[in-house]
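The values are calculated or read from the model by the stated rules, or taken from the named source; none is laboratory data. Model, not experiment: these values are computed from the prediction. Quick reminder, even Gly has a Cβ in these numbers, built from the backbone with ideal geometry, and neighbours come from all protein chains shown. These accessible areas exclude ligands, DNA and RNA; they are computed on the full protein's heavy atoms, side chains included. Shrake-Rupley method; radii C 1.70, N 1.55, O 1.52, S 1.80 Å.
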Amino acid sequence: MPMHTDPAPSASSTPRPRVARGRLAAALAELSDAGGVVVCATDARFLGDYRKERAEVVGWCRGCPVFDACREAGQFEVFGVWAGQDRTPHPDEL
């Protein structure tokens, strides 16, 4: 029997910000209920004012149990580190 694979998401299937943030909140709540925690919840460098601070924590996202939900929600954010990507615009990019 052939294996079913889902098609790649299209731009029209990208969730709206509220839906994506809701999914992240649910994933974080589930993790918390299981006794887990994500480092970004306790380390201010993820939302730090300085590019160097944010660069220090980017790699910490690898292996995070809510990485996919964070990446989905992060696409709508304009500041801070989300799923290993610094979403903060840099002065030379403005």
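If a/c stays under 1.5 just call it rounded; otherwise compare a/b with b/c (prolate if a/b is bigger, oblate if not). Do that for the range 19-63, with a ≥ b ≥ c from the square roots of the Cα gyration tensor eigenvalues. Prolate, since a/c reaches 1.5 and a/b exceeds b/c.
Ordered from highest to lowest accessible area with the whole protein assembly present and a 1.4 Å probe, THR42, THR88 read as THR42, THR88.
Note on ASP49 and ALA29: their simple-model spin labels are 3.4 nm apart, each label 7 Å out from Cα toward Cβ. Compute the Cα gyration tensor for the range 8-85, then decide on rounded, prolate or oblate, letting a ≥ b ≥ c be the square roots of its eigenvalues: rounded whenever a/c is under 1.5, prolate when a/b is larger than b/c in the other cases, and oblate in all that remain. Note, shape of the range 8-85 comes out oblate.
Rounded to the nearest Hz, the phi-derived 3J(HN,Hα) couplings of the range 76-82 under the Karplus curve 6.51 cos²θ - 1.76 cosθ + 1.60 (θ = phi - 60°) are 9, 9, 10, 8, x, 9, 10, where x marks glycine and proline.
Please sort 47-57, 26-36 by packing, taking for each peptide the average over its residues of neighbouring beta carbons within 10 angstrom, highest first.
Sorting 47-57, 26-36 by mean packing, highest first, produces 47-57, 26-36.
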